Amino acid sequence: MEQMSLFDNREETSPLASRLRPKSLEEFVGQEHLLGQGKMLRMLIEKDQISSMIFWGPPGVGKTTLARIIAGHTQADFVDFSAVTSGIKEIKEVMAKAESSRRVGVKTVVFVDEIHRFNKAQQDAFLPYVEKGSIVLIGATTENPSFEINAALLSRCKVFVLKALEEEEMVELLQNALRNPRGYGNQKIEITEQQLHAIAGFSNGDARTALNTLEMAVLNGEISAEQITVTNEGLEQCITRRSLLYDKKGEEHYNLISALHKSMRNSDPDAAVYWMLRMLEGGEDPLYIARRLVRFASEDVGMADSQALQVAVAAYQACHFNGMPECDVNLVHAVTYLSMAPKSNALFSACEECKSDIRNRPAEPVPLQLRNAPTGLMKELHYGEGYKYAHNTEEKVTKMQCLPDALIGRSYYQPTNQGKEDEISKRLKAIREWKNGD
């Protein structure tokens, strides 16, 4: 047994994340879909009726903390097991003890952190004891349990998916650290809301990273007799990104996305790449940027180069596949392509003008010749009468009216002469002239 010195004060010297580890469900932040009032996992914990389960989620979302909270609630023996340091011998020893406890009516809860690190033989060692009810197994993993945990063991466990914390939840966690006596509640820390959001954004849903970053920022703050002040310069060093003090919901966010959009529209790839990377380095979600590129591809390039939409969608998928930081070059690829593509806003103009007519005019009926006539009654009402099948004509187009009577002559799509749209413009002009001819 490890002896404690009179000079030990582990509560004060342990990392902030350890000091602030929630001890109850009331202190736990996030995972409302599992732990909100009336949710199944919360009720199971509160009633001490847990069964074997797997907690699956990214790092720092509370998997181990939940297991510790369960340990505090349950009347069962609780064994904390590490897949990193334990082998089959240790598993069998624990299982034998659990089996003995079961015979005298005592339940054993076994928590296995990083259960995906166990090989098949090690996982199989748990199976008979889970089946007999000798143990309640709680596993924690960052990997997909469908691939990393034996099917037989997985089928006997309920999988609970834990999500990365939202930015507002991270800010709440940081504010609690500043108030809680186990954190900085007994000190005066001066830190701005924007700085808290910067830490939350940098932490990418990982509570442990957020608290460690806050601790580093406080340790590097300016100390006076009255308080410790977290400075932007000190925080930038802690989060290792110079531009991360970037409010994703404030004016600067909209200024940067506007600069990106207008630079691409003006065919300036250098400026467009700069503004895009400013956003990315500032902690912006790459999928948000990719969604804006998809919109731009149709709004500002359109039929002048329909390949632009494919490039933008491919960049969005690449961001999904690669994630940060590898997807940065995929976004640079798309931004450069869109900047250099010929520009046309004809699709956007057609969309807006047509929406205006729909909103401001009566809802026009579908012309009879365009209606579907699946029943005899509909045919008697002349549904589909006068329809002309374009493929039966030599020109592959007919003079059949497709717009409602009230909108005859309306022309929403007006192609430009840019890029591929020049060819489309000539074809559409010829079609319209042919239709209007005798």
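Please identify every one of the trypsin sites (Lys or Arg not before Pro) in the stretch 296-375 that sits in a loop by DSSP and has no more than 16 other beta carbons within 10 Å of its own beta carbon. Don't jump to the answer; show the numbers that get you there.
Details: sites: Lys343, Lys355, Arg359, Arg371; in loops: Lys343, Arg371.
Within the stretch 296-375, the qualifying trypsin sites (Lys or Arg not before Pro) (loop, at most 16 other Cβ atoms within 10 Å) are Arg371.
With +1 on each Lys and Arg Cβ and -1 on each Asp and Glu Cβ, how big is the dipole of the chain about its Cα centre, in debye rounded to the nearest 20? Working shown, then result.
Values: 51 positive and 60 negative charges, 307 e Å.
The dipole of the chain has a size of about 1480 debye.
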>> So, taking all protein chains as they sit and a 1.4 Å probe, how much accessible area belongs to Lys23, in Å² rounded to tens?
In response: 140
>> Based on DSSP loop calls and a cut-off of at most 11 other Cβ atoms within 10 Å, the longest stretch of the chain free of exposed chymotrypsin sites (Phe, Trp or Tyr not before Pro) is what?
In response: 8-388
>> Once the cut-off is 22 Å, how many percent of the Cα-Cα pairs in the stretch 140-286 end up in the long-distance tail?
In response: 53
> Hull surface divided by four, with the convex hull built on the Cα atoms of the stretch 360-407: how many nm²?
Replying inline: 4.4
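Please report, as a whole percent, how much of the solvent-accessible surface of the chain comes from carbon and sulfur atoms (probe radius 1.4 Å). Don't skip to the end; give the middle numbers.
Numbers: 12570 of 24780 Å².
Looking at the chain in its full context, I get 51 percent from C and S.
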> In debye, nearest 20: dipole of the stretch 33-140 around its Cα centre with unit charges on the Cβ of K, R (+) and D, E (-)?
Replying inline: 160
> Counting DSSP beta bridges with both partners in the chain, what percentage is antiparallel, nearest 5?
Replying inline: 10
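Please compute the volume of the convex hull spanned by the alpha-carbon atoms of the stretch 291-415 and report it per residue in Å³. Each step should come with its number before you reach the end.
On the way: hull volume 22.4 nm³, N = 125.
Each residue corresponds to 179 Å³ of Cα convex hull volume.
Where the convex hull is taken over the Cα atoms of the stretch 95-188, what is its projected area averaged over directions, in nm²? Could you put the intermediate results ahead of the total?
Numbers: hull surface 36.1 nm².
For the stretch 95-188, averaging the hull's shadow over all directions gives 9.0 nm².
Using the scaling law 2.2 N^0.38 Å as the reference, what is the normalised Cα Rg of the stretch 341-438? Don't skip to the end; give the middle numbers.
Details: Rg = 16.6 Å, N = 98, 2.2 N^0.38 = 12.6 Å.
The value comes to 1.32.
Out of every Cα pair in the stretch 296-350, what percent are spaced more than 17 Å from each other? Intermediate values should be presented prior to the final figure.
Numbers: 537 of 1485 pairs.
When all Cα pairs of the stretch 296-350 are counted, 36 percent exceed 17 Å.
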>> Projecting each Cα onto the charge dipole of the stretch 315-367 (Lys/Arg +1, Asp/Glu -1 at the beta carbon, about the Cα centre), which of Ala334, Pro365, Gln317 comes out farthest on the positive side?
In response: Pro365
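If you place +1 on the Cβ of every Lys and Arg and -1 on the Cβ of every Asp and Glu, how big does the dipole about the Cα centre of the stretch 111-229 come out, in debye to the nearest 20? Show your work: numbers first, answer last.
Numbers: 10 positive and 17 negative charges, 132 e Å.
The dipole magnitude comes to about 640 debye.
Rounded if a/c is under 1.5, else prolate if a/b is larger than b/c, else oblate: which is the stretch 263-307, with a ≥ b ≥ c the root eigenvalues of its Cα gyration tensor? Write out the running numbers ahead of the final one.
Working: a/c = 3.50, a/b = 1.53, b/c = 2.28.
Oblate is the answer for the stretch 263-307, as a/c is 1.5 or above yet b/c matches or exceeds a/b.
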>> If I take every Cα pair under 8 Å that is 6 or more residues apart in the chain, average their sequence separation and divide by the length, what percent do I get for the relative contact order?
In response: 11
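What is the projected area of the convex hull of the Cα atoms of the chain, averaged over all directions, in nm²?
Values: hull surface 137.3 nm².
If I average the Cα hull's projected area over directions, I get 34.3 nm².
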>> Taking loop as defined by DSSP and a crowding limit of 16 other beta carbons within 10 Å, which GluC sites (Glu not before Pro) in the stretch 130-183 fit?
In response: Glu143, Glu166
>> Given contacts defined as C-alpha pairs under 8 Å and at least six residues apart, what's the relative contact order of the stretch 28-177, whole-number percent?
In response: 35
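The values are calculated or read from the model by the stated rules, or taken from the named source; none is laboratory data. Predicted, not measured: the structure shown is a model, and the values here were computed from it. Counting neighbours? That spans all protein chains shown, and the Cβs are built from the backbone with ideal geometry, glycine included. Just the protein is used for accessible areas: all its heavy atoms, side chains included, with ligands, DNA and RNA removed. Shrake-Rupley method; radii C 1.70, N 1.55, O 1.52, S 1.80 Å.
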